[in-house]
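The values are calculated or read from the model by the stated rules, or taken from the named source; none is laboratory data. Keep in mind it's a predicted model, so treat the numbers as computed, not measured. Ideal geometry is used to build each Cβ from the backbone, glycine not excepted, and the neighbour counts take in all protein chains shown.
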Amino acid sequence: MPKGSDLLVSALENEGVERIFGVPGEENLDVVESLRQSRIQLVLTRHEQAAAFMAATYGRLTGRPGVCISTLGPGALNLATGAAYAHLGAMPMVLITGQKAIRTARQARFQIVDIVATMKPLTKSARQIVSAGTIPTLVRDAFRTAQEERPGPAHLELPEDVAGEEADAALVPPHPIEIPVADPAALDRAAALIGAAQRPLIMLGAAASRPRLADALSAFVQRARIPFFNTQMGKGSVAGGSNLYMGTAALSERDHLHAAIDRADLIVAIGHDTIEKPPFIMGPRGPKVIHVGYTPATVEQVFFPHAEVVGDVGSSLALLADRLDGKLPRASALLPLRDGILARIAERATEARFPLTPQRIVHDVRAVMPADGIVALDNGMYKIWFARNYRTTVANTLLLDNALATMGAGLPSAMMASMLHPNRRVLAVCGDGGFMMNSQELETAVRLRLNLVVLVLVDNAYGMIRWKQAVDRFPDWGLTYGNPDFVKYAAAYGASGWHVQHADGLVPTLEAAFKAGGVGLVSVPVDYSENTRVLVDELKANVTAPEAR
């Protein structure tokens, strides 16, 4: 008769799981043995946090839950940041943690933390398995919960005595769940508002980046011919070539893009999730807003739509486009602003200053990445520059986190992208601070024989906070540190390393790293003085202030 751990692994196979990421412990040994005899690959990481980031990124890129595993107590707590990353970022994931036996207490309370209670606010569901016979049902429910809109993480705790308990239970077959389309009355109302608009604009938010949505969104934009912009996490939702892209809202107001946003009298917000920093601030004299989403809008002080289209986004947009065809003579009213906005954002992109400016780094990265190349960003000051300046033409090719916005996720996310797309160029872009938070995963990447390049931007400081410290006129204190020699550091893990030593060196060095294959690391010094010049001084005098709209 199978034991609980066998039922767990069979249930995971039943869900189509191919890989599990994590660091098992004593309480998982039955599960490890069951995995050994299965077709599921155990991807051993060097820290549980990286395993959670990889599982979440799997969910983000495939739409199916990624799976990570840890032991009890300290190992499970190390998954917490990754759980929050997936919860705020709407990435489907299942976390499996171990626990001491629940029928005996031979080790008293050694290492015991109430992980189920810890995970409840960080997940969509968190449950302890108390009987081996219930495992297939609970696994099916966890995957269903994780994948349903709004997606996110689900947690299961498997005590070691339940894992070793013999039981026989039938697997629960998965089945597709179709999301209803929006109500015709809601579609009619939205079509009337769009038809009456003088200067309409489309915004694509985080939920527009679902893998299944790229074709439907591209078709809607092409049919409506309304200019569009995106939030940071909505970047790349629409395939390139429409010539309707206006920019990315990397800031909440006063950026060059807001010249169009502030003039719009109607914004169709597709997939906006208020977990992101506001792409614009709604006010009493602002534009009307239509929310299009899988779920109703979350009303906030800065976001309170006037109408909602709730249902399957792709199918609902097709029905909305049917109502708009040939009826929008003013659809492109804001399009004349496009060239000016994009030109201002691209200024100084080829400046031969060294250390390199953020604009030059973005420009050079774009030059070496093909259209389907994937750039995974960690979190730091450079994220704003990539959001503003990096143009994408293929969906899900710029991975950034503007929800939890945690440091340390860039390298694990790039590793997952490389595993899923081994024939595409994959680049992790990390600040020196964020890279060092999970840099030990270089060993994992080398062991897995991945092909990816890590670009480390070196300023020897927690640069974003240091910049904010300066903007707020605090003394420069407490945010600088030293770094290892990154080339030698990479070599210690069996990776290749390069230093960029002059302004024209980044492109050839990145090309050399990609052509070398395997895991490569390129370090480049960055000059963040442009942060104040562009993002403070220039934008202060830029577009119409919100109160004058």
(request) Filter region 493-519 down to the residues that are out of contact with any Phe, Trp or Tyr (no Cβ under 7 Å at 6 or more places or on another chain) and under 19 Å from Gly433 (Cα atoms), then identify the one that is surrounded by the fewest Cβ atoms within 10 Å (Cβ to Cβ). (result) His499
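Yes/no matrix, rows are residues, columns are (1) part of a loop (DSSP other than H, G, I, E, B); (2) surrounded by 17 or more Cβ atoms within 10 Å (Cβ to Cβ); (3) not assigned by TED's automatic domain parsing to the domain that holds Val67:
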residue	(1), (2), (3)
Val130	yes, no, no
Thr134	no, yes, no
Val139	no, yes, no
Thr145	no, yes, no
Arg150	yes, no, no
Ala154	no, yes, no
Leu158	no, yes, no
Ala169	yes, yes, yes
Val172	yes, yes, yes
(message) So, in region 278-294, exactly how many residues are loosely packed, with under 15 Cβ neighbours inside 10 Å and in contact with a helix residue (DSSP H, G or I) (Cβ under 7 Å, 6 or more places away or on another chain)?
(response) 1
(request) Spot the failing condition for Val289; the list is (1) at pLDDT 95 or above; (2) under 23 Å from Ile345 (Cβ atoms), and only one is missed. (result) (2)
(message) Just to verify a result, which residue in region 424-468, among those that are of a type in the set (S, T, N, Q) and surrounded by fewer than 21 Cβ atoms within 10 Å (Cβ to Cβ), is farthest from the chain's Cα centre (by Cα)?
(response) Asn460
(request) Go through region 114-139 and give me each residue that's over 15 Å from Leu158 (Cβ atoms), touching a residue at least 40 places away in the same chain (Cβ under 8 Å) and not hydroxyl-bearing (Ser, Thr, Tyr). (result) Leu122
(message) Residues that are surrounded by fewer than 24 Cβ atoms within 10 Å (Cβ to Cβ) and over 16 Å from the mean Cα position of the chain (by Cα), at least 3 per element: which helices (runs of 4 or more DSSP H) completely within region 61-127 meet that?
(response) 73-77, 115-119
(request) Go through (1) surrounded by 15 or more Cβ atoms within 10 Å (Cβ to Cβ); (2) part of a loop (DSSP other than H, G, I, E, B); (3) in contact with a helix residue (DSSP H, G or I) (Cβ under 6 Å, 6 or more places away or on another chain) and name the single condition Ala297 misses. (result) (3)
(request) State yes or no: is Arg348 loosely packed, with under 15 Cβ neighbours inside 10 Å, farther than 24 Å from Ala264 by Cβ and in contact with a Ser or Thr (Cβ under 7 Å, 6 or more places away or on another chain)? (result) yes
(request) Identify, by number, the condition in (1) within 14 Å of Pro92 (Cα to Cα); (2) over 22 Å from the mean Cα position of the chain (by Cα) that Gln147 doesn't meet. (result) (2)
(request) Give the residue, chosen from Ala403, Ala367, Ala395, Ala376, that is at pLDDT 95 or above and not in a helix (DSSP H, G or I). (result) Ala376
(message) Being under 27 Å from Leu404 (Cβ atoms) and surrounded by fewer than 17 Cβ atoms within 10 Å (Cβ to Cβ): is that true of Asn531 here?
(response) no
(request) Could you pull out the residue among Ile226, Ile270, Ile275 that is farther than 24 Å from Trp385 by Cβ, touching a helix residue (DSSP H, G or I) at 6+ places or on another chain (Cβ under 6 Å) and hydrophobic (A, V, I, L, M, F, W, C)? (result) Ile270
(request) May I ask you to list the residues in region 300-339 that are in contact (Cβ under 8 Å) with a residue 12 or more places away in the chain, in a loop (DSSP other than H, G, I, E, B) and under 26 Å from the mean Cα position of the chain (by Cα)? (result) Val302, Phe304, Pro305, Gly311, Asp312
(request) May I ask you to say which residue of Leu193, Leu217, Leu201, Leu187 is in contact with a strand residue (DSSP E or B) (Cβ under 9 Å, 6 or more places away or on another chain) and not in a helix (DSSP H, G or I)? (result) Leu201
(request) Kindly indicate whether Thr393 is within 22 Å of Pro279 (Cα to Cα) and among the polar types (S, T, N, Q). (result) yes
(request) May I ask you to say which residue of Leu204, Leu187, Leu266, Leu251 is in contact (Cβ under 8 Å) with a residue 12 or more places away in the chain and crowded, with 23+ Cβ neighbours inside 10 Å? (result) Leu204
(message) Going residue by residue through region 22-45, is there one that turns out to be surrounded by fewer than 17 Cβ atoms within 10 Å (Cβ to Cβ), within 27 Å of the chain's Cα centre (by Cα) and assigned to a loop (DSSP other than H, G, I, E, B)?
(response) no
(message) Take Gly505 and tell me if it is more than 21 Å from Leu442 (Cα to Cα) and either without any contact (Cβ under 8 Å) to a residue 40 or more places away in the chain or not assigned by TED's automatic domain parsing to the domain that holds Gly431 (or both).
(response) yes
